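A.B. asks: Pasting a structure below so you can have a look.
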Amino acid sequence: DGGDLVLYYQPQIDLASGTVIGVEALVRWPQAGSTPIPPDEFIYIAEHTGLIRPLTRLVLDLAVAQAKRWRDQGRDLRMSLNLSPHNLIEPGIVDTIAATLAAASVPPDRVMMELTESTVMANPKRTLGVLHELRELGVGIAIDDFGTGHSSLAYLTTLPATELKIDKSFVLAIGADPTADSIVRSVIDLGRNLDLGVIAEGVETQAQADRLVELGCVEAQGYLYSRPVPPEQIPATLRRLNQAWLRPLASATQ
């Protein structure tokens with residue numbers, strides 16, 4: 001209500017071309033003259049007090065409004081948003097998303113909803129229904145932190161997912177831990193065989209990025225490219241990434 005919550009955005013990179021293809025919207029709660037309140041802390045409280053629903057709607061409104069501003073400026077960036085398990089049992093959540101996108105004239109296919117494996121498995125029957133409605137709307141579906149949960153591969157074949165996100169714990173260990181390399185390769189192969197996009201999160205070094213390219217990963221995000229930044233810093237961040245990363249990443253795939 002006080003307008004204290006803001007969104008920061010972390011760029012997502014196409015590893016084949018080096019192009020910034022989108023951003024992930026991440027909610028922040030800055031404190032004047034003090035340390036920001038950690039997202040895990042206030043989101044946890046919101047989920048256990050019923051406030052996650054208005055919080056999610058606030059994030060949706062802010063992110064879609066920002067996507068529209070960027071589109072009006074000629075920046076067609078895909079917008080990724082996170083959904084809580086509580087959002088998937090909220091009546092009318094798909095209608096709310098559809099109305100918000102329509103009001104801002106943002107095409108549904110330029111929005112990606114991210115859900116963790118644990119979110120999907122919390123209520124598979126209800127989740128499947130909502131996810132199918134979102135796909136019918138045209139919104140993309142990403143399974144976040146893939147490989148860390150307990151979902152059955154049988155469920156994965158029934159989910160209308162469009163993308164898998166490799167958990168950063170595996171990404172940070174590639175090149176140093178053969179097991180991590182095997183897991184990342186397996187997720188990439190799984191995504192390819194199921195015709196799903198694959199994005200690696202938590203990329204921090206060029207060596208990790210190079211290894212991901214070797215393994216056939218499609219997209220990446222992480223501190224190597226940019227920390228989450230406020231929207232006013234995105235234009236400068238995009239210019240910096242174009243200058244610093246497009247050529248090296250593109251050449252690495254040739």
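A.B. asks: If the only charges are +1 at each Lys and Arg Cβ and -1 at each Asp and Glu Cβ, what is the size of the charge dipole of segment 1-108 around the Cα centre, to the nearest 20 debye?
C.D. replies: On the way: 8 positive and 12 negative charges, 67 e Å.
About 320 debye.
A.B. asks: Using Cα-Cα distances under 8 Å and only pairs 6 or more residues apart, what relative contact order does segment 111-215 have, in percent? Show your work: numbers first, answer last.
C.D. replies: Numbers: 151 pairs, mean separation 25.3, N = 105.
RCO, segment 111-215: 24 percent.
A.B. asks: Further, regarding this structure: Working only with C-alpha atoms, what are the Rg and Dmax values of the chain, expressed in angstrom?
C.D. replies: 17.8, 51
A.B. asks: Do the sum for the chain: with -39,500 (n - 2.57) for every DSSP H run of n ≥ 4, divided by all residues, what is the mean residue ellipticity at 222 nm, to the nearest 500 deg cm²/dmol? Provide the component values of the computation, followed by the final result.
C.D. replies: Numbers: 11 runs with 116 residues, N = 254.
That calculation yields -13500 deg cm²/dmol at 222 nm.
A.B. asks: What number does segment 66-117 give for Rg over Rh if you use C-alpha atoms and the Kirkwood radius?
C.D. replies: With Rg and the Kirkwood Rh in hand, the quotient comes to 1.01.
A.B. asks: Here is a follow-up. State the percent of C-alpha pairs, over all pairs in segment 1-48, separated by a distance greater than 19 angstrom. Show your work: numbers first, answer last.
C.D. replies: On the way: 476 of 1128 pairs.
I get 42 percent for the Cα pairs in segment 1-48 exceeding 19 Å.
A.B. asks: Oh, and also: As a test of reading the structure, rank THR158, THR127, THR116 by solvent-accessible area (1.4 Å probe, protein chains only), most first.
C.D. replies: From most accessible down to least: THR158, THR116, THR127.
A.B. asks: Mind checking the full-extension length gain between ASN193 and THR35? Use 0.36 nm per residue of separation minus the Cα-Cα distance, one decimal, nm.
C.D. replies: Details: separation 158, 0.36 × 158 = 56.88 nm, distance 4.45 nm.
Result: 52.4 nm gained on full extension.
A.B. asks: Hey, another quick one. Using unit Cβ charges (K, R positive; D, E negative) and no other charged atoms, how large, in debye to the nearest 20, is the dipole of the chain about its Cα centre?
C.D. replies: Working: 21 positive and 31 negative charges, 114 e Å.
My answer is approximately 540 debye.
A.B. asks: Using the Karplus curve 6.51 cos²θ - 1.76 cosθ + 1.60 with θ = phi - 60°, work out ³J(HN,Hα) for each residue of segment 223-238 in order, rounded to whole Hz, and write x for Gly and Pro.
C.D. replies: Result, rounded to whole Hz: 5, 4, 8, 5, 6, x, 10, x, x, 5, 8, 4, x, 5, 5, 5.
A.B. asks: Return a whole-number percent for the relative contact order of the chain, with Cα pairs under 8 Å and 6 or more residues apart as the contact set.
C.D. replies: Taking the mean separation of contacting Cα pairs over the length of the chain, I get 21 percent.
A.B. asks: Counting other Cβ atoms within 10 Å of each Cβ, which chymotrypsin sites (Phe, Trp or Tyr not before Pro) in segment 34-102 have at most 16 and sit in a DSSP loop? Let's see the in-between values first.
C.D. replies: Details: sites: PHE42, TYR44, TRP70; in loops: none.
Filter output for segment 34-102: empty list.
A.B. asks: Further question on the same structure: Under a 5 Å amide H to amide H cut-off, with H placed in plane at 1.01 Å, what residues pair with GLY22 once short-range neighbours are removed?
C.D. replies: Close amide H contacts, sequence-distant or interchain: GLN12, ARG78.
The values are calculated or read from the model by the stated rules, or taken from the named source; none is laboratory data. Since this is a predicted model, take the numbers as computed values, not measurements. Neighbour counts run over all protein chains shown; Cβ positions are idealised from the backbone, glycine included. Side chains are part of the model used for accessible areas, which takes the heavy atoms of the whole protein and leaves out ligands, DNA and RNA. Shrake-Rupley method; radii C 1.70, N 1.55, O 1.52, S 1.80 Å.
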